[in-house]
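Take a look at the structure set out below.
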Amino acid sequence: MKTASVCTIGDEILIGQIVDTNSSRIARELNRAGIAVRYMTSIGDDRAAILSELGKCLDNTDIVIVTGGLGPTKDDITKDALRELSGAEGYVESEEQLAIVKRILESRGIPLIDTNLAQAQVPAGCSVIPNRLGTAPCMAFHSLGRSGRSSLYSLPGVPFEAEGLLPLVMQDIQERFALEEITHRTILTFGIAESVLAKQIEKWEDSLPANVHLAYLPNPTLGVRLRLTQMGGKADFEPLVGQLRAILGDAIYGEGDDSLQSVIGRKLLEGGKTLSAAESCTGGRISELITSVAGCSAYYKGSVTSYANSVKTGVLGVPSEVIEKYGAVSRECVSAMASGVLRLLDTDYSVATSGIAGPGGAVPGKPVGTAWLAAARRKADGTVETVTKCVNFASSRSVNIERFASNALDLLRKII
């Protein structure tokens, strides 16, 4: 199996000034092509460090993809480091990239000065993949590293430019290397802690074929993803997934790129049903998640963000005595919110939240991170059935809100 390293160059990444999105995108594409990513590293704008780290990557992996450090300013030193690394004595001009540089600068009304035109200069002996979205091309160097068979591709760091060049880089890689297939299948679970989940499926995991690997990918707001990977050969995951579904039941909510909100949307569309929301502690986050799904207008009517108790009573119809007796953060209040918004917006289903996101607001018996969640459905006879759940998370305000929202959506998923 061919291996790869993904490297970013630039002090701006190391000091946290920008977020590196290039590496994850490149790693996904390499993986899809059957190339195992062994190393992922960030290097500062230091010539010696660039030469050292890239040299190690070339010695230990077949393919190295680099982003960044190719601009027209003095701190962009990657190109000359690559010239030295490849053994080139000088530079040559890429006529195709030069024409692109002139077109881009002229269209922007930028003078054709030397530093910009120099973007079309590349180390002698490298292959050029023209960048039609920017001034710096992709430079490809081959026959490098200890083996003399490694390749390095240097892309600009601007994300949309790197993304535009990546398909061309992958095409070149696939033409040069004999690649094995890597197959993945990802199963999505919610509501079971990673340690408990591992215990539940321990025997199933132990019985997996030798060429199938299982990875646990936990996320506090998305649940635990179980990723099956098979290296080489045609994969048939169906029997394994069937066994897993028999063990975990409705803790599994989807596969691949599914989300709680997309699964809920599909179920509602299939049944021709509608949805509304009443949010307090989540402040509109549930509505944001639901409306992130294209086509949600077919089933989602809207929400009431009832942060104040006066809105809970005056708009949603929560009896004031319920709040006086049990408090806003209670089973009784959130249940009344769910049934209230269902009737108010005339929907088939609803979801509601009321809690204490923090950092203040705790009361005796209800610490920060406590929330009551509810989901309601309109039955055939017109009555409303409501299910509730109390959760408590000891996290920051923002994480608490995310977890309240995702747990409320999971409760809704189950009643649907």
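The values are calculated or read from the model by the stated rules, or taken from the named source; none is laboratory data. All values reported here derive from a predicted model rather than from experimental measurement. Note that we place each Cβ from the backbone using ideal geometry, even for glycine, and neighbour counts take in every protein chain shown.
Where strands (runs of 3 or more DSSP E) sit wholly within segment 1-73, those with at least 3 residues that are under 19 Å from ARG83 (Cβ atoms) and not acidic (Asp, Glu) occupy 63-67. Would you point out the residue of segment 150-180, among those that are closer than 26 Å to GLU255 by Cβ and touching a strand residue (DSSP E or B) at 6+ places or on another chain (Cβ under 8 Å), that is surrounded by the most Cβ atoms within 10 Å (Cβ to Cβ)? Per the stated criteria, the residue is LEU166. For segment 187-201, the set of residues classified as surrounded by fewer than 17 Cβ atoms within 10 Å (Cβ to Cβ) and among the hydroxyl-bearing types (Ser, Thr, Tyr) consists of SER195 only.
Does segment 371-388 hold any residues that are crowded, with 20+ Cβ neighbours inside 10 Å and either of a type in the set (Gly, Ala, Ser) or outside any strand (DSSP E or B) (or both), and which are they? Scanning segment 371-388 gives ALA371, ALA374, ALA375, ALA376.
With LYS234, LYS199 as the choices, which residue is part of a loop (DSSP other than H, G, I, E, B) and more than 27 Å from ILE286 (Cα to Cα)?
Details: LYS199 fails: part of a loop (DSSP other than H, G, I, E, B).
None of the others qualify; the one that does is LYS234.
Does at least one position in segment 202-220 carry a residue that is within 19 Å of the chain's Cα centre (by Cα), surrounded by fewer than 20 Cβ atoms within 10 Å (Cβ to Cβ), β-branched (Val, Ile, Thr) and not in a helix (DSSP H, G or I)? No, segment 202-220 has no match at all.
Close Cβ contacts (under 7 Å, 6 or more residues apart or on different chains) running from residues in segment 143-162 that are in contact (Cβ under 8 Å) with a residue 40 or more places away in the chain and in the same structural domain as THR8 (by TED's automatic domain parsing) to residues that are in a helix (DSSP H, G or I) and among the hydroxyl-bearing types (Ser, Thr, Tyr) comprise LEU144/SER86; SER154/THR78.
Answer with yes or no whether GLU288 is within 15 Å of LEU409 (Cα to Cα), in a helix (DSSP H, G or I) and either free of Cβ contacts under 8 Å to residues at least 12 places away in the same chain or of a type in the set (Phe, Trp, Tyr) (or both). Answer is yes for this residue.
Note on segment 91-129: residues that are part of a helix (DSSP H, G or I) and either among the aliphatic types (A, V, I, L, M) or touching a Phe, Trp or Tyr at 6+ places or on another chain (Cβ under 8 Å) (or both) amount to 9. Determine whether VAL128 is touching a Cys at 6+ places or on another chain (Cβ under 8 Å), surrounded by 14 or more Cβ atoms within 10 Å (Cβ to Cβ) and of a type outside the set (Lys, Arg). So VAL128 fits the description; yes.
Among all residues of segment 389-405, there is at least one that is in contact with a helix residue (DSSP H, G or I) (Cβ under 8 Å, 6 or more places away or on another chain), hydroxyl-bearing (Ser, Thr, Tyr), more than 18 Å from CYS333 (Cβ to Cβ) and surrounded by fewer than 21 Cβ atoms within 10 Å (Cβ to Cβ).
Among the candidates LEU112, LEU54, which residue alone is surrounded by 20 or more Cβ atoms within 10 Å (Cβ to Cβ) and either in contact with a Lys or Arg (Cβ under 7 Å, 6 or more places away or on another chain) or of a type in the set (A, V, I, L, M, F, W, C) (or both)? Reasoning before the result, please.
Working: LEU112 fails: surrounded by 20 or more Cβ atoms within 10 Å (Cβ to Cβ).
It is LEU54.
Between VAL399, VAL368, the distinction of being part of a loop (DSSP other than H, G, I, E, B), β-branched (Val, Ile, Thr) and more than 24 Å from THR313 (Cβ to Cβ) belongs to VAL368 only.
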